[in-house]
1. Return the pairs, sorted by first residue and then second, in which the second residue is acidic (D, E), the first residue lies in region 52-73 and is at pLDDT 95 or above, the beta carbons are less than 8 Å apart, and the residues are 6+ apart or on different chains.
2. For the structure I just gave you, tell me whether T29 is within 16 Å of P73 (Cα to Cα) and among the polar types (S, T, N, Q).
3. Need pairs with beta-carbon distance below 6 Å; first residue more than 15 Å from I66 (Cβ to Cβ) and within region 19-36, second β-branched (V, I, T); sequence gap 6+ or separate chains.
4. Out of the residues in region 40-51 meeting the condition of being without any contact (Cβ under 8 Å) to a residue 12 or more places away in the chain and among the small types (G, A, S), tell me which one is farthest from I17 (Cα to Cα).
5. Is there a residue being closer than 14 Å to K64 by Cα, within 11 Å of the chain's Cα centre (by Cα) and of a type in the set (S, T, N, Q) anywhere in region 1-13?
6. In region 52-72, which residue that is touching a Leu at 6+ places or on another chain (Cβ under 8 Å) and within 13 Å of W12 (Cα to Cα) is surrounded by the fewest Cβ atoms within 10 Å (Cβ to Cβ)?
Amino acid sequence: MEEIFKIKSYGWQELAILYAPGVTPRSATRRLSLWVMNNSDLAENLKKKGWMKGQHLLTPVQVKIIVDYLGEP
(Lines give C-alpha, C1' and ligand atoms only; values in the text may rest on other atoms or scores of the structure.)
Protein backbone atom coordinates (compact mmCIF):
# COMPACT_ATOMS: atom_id res chain seq x y z
CA MET A 1 0.00 0.00 0.00
CA GLU A 2 1.36 3.42 -0.98
CA GLU A 3 1.85 5.95 1.79
CA ILE A 4 -0.07 9.20 1.55
CA PHE A 5 1.88 12.40 2.15
CA LYS A 6 0.63 14.19 5.25
CA ILE A 7 0.65 17.98 5.61
CA LYS A 8 2.27 18.68 9.00
CA SER A 9 5.34 20.42 10.40
CA TYR A 10 8.54 19.19 8.78
CA GLY A 11 12.16 20.10 9.20
CA TRP A 12 13.58 21.69 6.05
CA GLN A 13 16.00 18.80 5.56
CA GLU A 14 13.32 16.23 6.38
CA LEU A 15 11.06 17.62 3.64
CA ALA A 16 13.97 17.97 1.23
CA ILE A 17 14.84 14.28 1.64
CA LEU A 18 11.24 13.35 0.81
CA TYR A 19 11.60 15.27 -2.47
CA ALA A 20 15.02 13.81 -3.27
CA PRO A 21 15.40 10.46 -1.53
CA GLY A 22 18.24 9.26 -3.75
CA VAL A 23 20.77 11.95 -2.83
CA THR A 24 22.60 12.92 0.34
CA PRO A 25 20.67 14.98 2.90
CA ARG A 26 22.93 17.95 2.20
CA SER A 27 22.31 17.75 -1.55
CA ALA A 28 18.56 17.34 -1.00
CA THR A 29 18.53 20.43 1.22
CA ARG A 30 20.40 22.47 -1.37
CA ARG A 31 18.10 21.24 -4.12
CA LEU A 32 14.94 22.23 -2.24
CA SER A 33 16.45 25.62 -1.40
CA LEU A 34 17.24 26.23 -5.07
CA TRP A 35 13.76 25.19 -6.16
CA VAL A 36 12.22 27.63 -3.70
CA MET A 37 14.56 30.53 -4.42
CA ASN A 38 14.26 30.07 -8.20
CA ASN A 39 10.47 30.28 -8.00
CA SER A 40 9.76 33.86 -6.93
CA ASP A 41 6.03 33.23 -6.45
CA LEU A 42 6.72 30.27 -4.18
CA ALA A 43 9.34 32.18 -2.17
CA GLU A 44 7.06 35.21 -1.84
CA ASN A 45 4.10 33.14 -0.67
CA LEU A 46 6.29 31.40 1.90
CA LYS A 47 7.58 34.76 3.16
CA LYS A 48 4.00 36.01 3.54
CA LYS A 49 3.46 33.09 5.91
CA GLY A 50 6.52 33.90 8.01
CA TRP A 51 9.18 31.83 6.29
CA MET A 52 12.76 33.11 6.30
CA LYS A 53 15.71 31.68 4.38
CA GLY A 54 17.62 29.43 6.75
CA GLN A 55 14.54 28.48 8.76
CA HIS A 56 14.87 24.89 9.98
CA LEU A 57 11.26 24.06 10.86
CA LEU A 58 8.36 24.58 8.48
CA THR A 59 4.81 25.06 9.67
CA PRO A 60 2.03 22.99 8.13
CA VAL A 61 0.88 26.10 6.23
CA GLN A 62 4.37 26.57 4.76
CA VAL A 63 4.58 22.89 3.82
CA LYS A 64 1.19 23.16 2.08
CA ILE A 65 2.47 26.11 0.03
CA ILE A 66 5.53 24.15 -1.06
CA VAL A 67 3.39 21.13 -1.99
CA ASP A 68 0.98 23.37 -3.91
CA TYR A 69 3.87 24.56 -6.08
CA LEU A 70 6.03 21.44 -6.30
CA GLY A 71 3.49 18.67 -5.89
CA GLU A 72 3.66 15.94 -3.28
CA PRO A 73 7.07 14.43 -2.68
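1. Y69/D41
2. Working: within 16 Å of P73 (Cα to Cα): yes; among the polar types (S, T, N, Q): yes.
So T29 fits the description; yes.
3. Correct list of pairs: P25/I17.
4. Only one residue tops the list, namely S40.
5. Yes, region 1-13 contains at least one residue that is closer than 14 Å to K64 by Cα, within 11 Å of the chain's Cα centre (by Cα) and of a type in the set (S, T, N, Q).
6. V63
The values are calculated or read from the model by the stated rules, or taken from the named source; none is laboratory data. The model shown is predicted, which means the values in this text are computed figures rather than measured ones. Using ideal geometry, Cβ is built from the backbone for each residue, glycine included, and neighbour counts are taken over all protein chains shown.
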